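Student: The structure that follows is given in the form of structure tokens.
Computed from the coordinates by the stated procedures, all read-outs in this text should not be read as laboratory data. What you see is a predicted model, and the numbers here were worked out from it, not measured in a lab. Neighbour counts run over all protein chains shown; Cβ positions are idealised from the backbone, glycine included.
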Amino acid sequence: MRFVIAMMKHETNTFSPVPTPIERFGSRGAFFGKDAFNAFRGTNTPMAAFIDIALKQKAEIITPVAAEAWPSGRVDREAYRIITDAICEEVKKGCDAVFLDLHGAMVSEDTDDGEGTLLERIRGMASALPIAVGLDLHTNLTQRMVDNCTVLAGYKTYPHVDMYDAGALAGGILVRAMKGEIKPVVSWGNRPMLPHTLRMGTHEPPMKDLVDMARAAEREGALAATLFGGFPLADIHDAGLSAVVFTDRDWERAREVCRRLLDAAWERRAAFVYPLEPLSESVARAKNLSEGPVLLIDHADNCASGGTQDTIAVLAEVMGQGLEDVAVFAIRDPGAVAQLINAGVGTRVTLKLGGKMDMPAIGKKGEPLEVSAIVRAITDGEFTIRGPMYTGVRAYMGRTAVLDTGNVQIVVIERNHEPFDLGVFRSVGIEPTTKRYLLLKSRLHYRAGFAPIARHIIECDGVGVTSSDYGQFSFTKLRRPVYPLDPDATPQRQ
């Protein structure tokens, strides 16, 4: 058998000013051919699970491309063409099955449904081709995605520590179907809900309740049951919460389970709304905590949701209130990194840090922060992830420097990277377990590596295009009415 296995992953924030060219996918662009196989085999990803399944089936493995980029603005049409053409050209040569590691919230310059458009193209080339898909918990599920694959399964954790498991589930179902052991049938639907990402953590209700229900359905016989929280910062028609359930030949059972998941989500809709707190009050609460590490979560500028990762509101408040023994990850500022490298380790510099990107979608100009500090370290920004999320994957932060003001150590990077692994600090010589405060530009993925060492967690509502204040964003394509933008929204039965 000949299996085509590929990755195409991007969570598109349509309000983000950060561009998404092909160079943003991967360390220095996307991985192609054997490089794609080598980069992801043995990692905690759906693609690695697909590879293991293919090896067990003794299939010929074709890996045309593995392309993943940190969330940002719409994917350039040329980048989308390069990635999708690479996949479709191998399918066109003939294959027995396709296994796709996708995100589920990709928007390009030419399509609001990047994954659905790709799947429809593949299905048009081979109408009976078995296709398995692994998807992110933040998928904005569409009819086109469901119609053009054999089976799909999504992550059940946020932070996403079960990526391999989702791939193994989808891929395993496909192989069983190919052998004639089962015949997957599907039911899916959505509710008019746009949950806040900060209320989708699977470690606590309401999301934990729904994930537990999906797991129970699988234990009770469903092939795969997934509740997607959706990615809310995408101004597309289908953004928001959905569910999909596969069973073996029993469509009525699939429909029942799917409806039960969606009704339970709707009943909990108020719990999916994140309550905001003034930034000065959050930082003041943190200052009164005596035991660390205290995590200060700068969630409005999270690069893993499309943030610029260079806003300085939270950092400025922390410095203004005089917090001490703080480590910051990270400010993305390539120009500052070049300046610090030219200065050299041990040199005191004064520079304007961050604030290099305007955010027109929310009416904000970039505001840099003048900092006087000593350059403590310079590295290539590379390390292998050892924590539970993306385990084994190589991290590329670009050239990296550490600025030390005396009270605050600031990691400055060239390439966006979210702090979900302790290696972001340890790779530059900072031991995070010894710091009183860790300021992290993250929403919830930080929990994968940092929750186990935290004594306290304080969420800080700063400035950025990943804010939980929906009032800052102008939605023009989103299906309406939708809760909580429209408090009186009601679901249509499906």
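Student: What do you get for GluC sites (Glu not before Pro) in region 253-324 restricted to DSSP loop and a cutoff of at most 10 other Cβ within 10 Å of the site's Cβ?
Tutor: On the way: sites: 256, 267, 281, 291, 317, 324; in loops: 291, 324.
Filter output for region 253-324: 291.
Student: Then there is this: When you count, for each residue, the other Cβ atoms within 10 Å and take the mean per peptide, how do 383-391, 367-375 rank with the highest first?
Tutor: Final packing ranking: 383-391, 367-375.
Student: How much of the DSSP beta bridge set in region 279-467 is antiparallel, as a percent to the nearest 5?
Tutor: Here the share of antiparallel DSSP bridges comes out near 50 percent.
Student: Pulled fully out, how much extra length does the chain show between residue 276 and residue 38, if you take 0.36 nm times their separation in residues and subtract their Cα-Cα distance?
Tutor: 81.3 nm
Student: Can you give the calculated 222 nm mean residue ellipticity of the chain, where each DSSP H run of n ≥ 4 adds -39,500 (n - 2.57) and the sum is split over every residue, rounded to the nearest 500 deg cm²/dmol?
Tutor: Values: 13 runs with 132 residues, N = 494.
Mean residue ellipticity, 222 nm, calculated: -8000 deg cm²/dmol.
Student: Right, something else. For residue 34, give me every one of the lysines with a C-alpha distance below 21 angstrom, ignoring sequence neighbours fewer than eight places off in its own chain.
Tutor: 9, 56, 58, 92, 93
Student: Also, quick follow-up: What relative contact order, as a whole-number percentage, does the chain give when Cα pairs under 8 Å and 6 or more residues apart are counted?
Tutor: Reported relative contact order: 17 percent.
Student: What whole number of Å gives the distance from the Cα centroid of region 456-494 to the Cα centroid of region 86-155?
Tutor: Here the answer is 27 Å between Cα centres.
Student: What aspartates and glutamates does residue 179 reach when the alpha-carbon gap must be under 13 Å and sequence neighbours fewer than 8 apart in one chain are set aside?
Tutor: Straight-line reach from residue 179, under 13 Å: 96.
Student: Further, regarding this structure: To make sure I understand, if each residue's beta carbon is the centre and we count other beta carbons within 10 Å, what order do 156, 364, 34, 9 fall in, fewest to most?
Tutor: With the fewest neighbours first, 156, 364, 34, 9 line up as 34, 364, 156, 9.
Student: Once you keep just the Cα pairs under 8 angstrom separated by 6 or more residues, what percentage relative contact order results for region 159-230?
Tutor: 28 percent
Student: Looking at the chain, what % of its DSSP beta bridges pair antiparallel, to the nearest 5?
Tutor: 45 percent
Student: If you average the alpha carbon positions of region 26-60 and of region 231-265, how far apart do those two centres end up, in angstrom?
Tutor: For region 26-60 versus region 231-265, the Cα centre distance is 29 Å.
Student: Relative contact order for region 279-467 using alpha-carbon pairs under 8 Å, separation at least 6, rounded to a whole percent?
Tutor: 38 percent
Student: Excluding same-chain residues fewer than 8 positions from residue 364, which lysines have a Cα within less than 25 Å of its Cα?
Tutor: 352, 356, 441, 477
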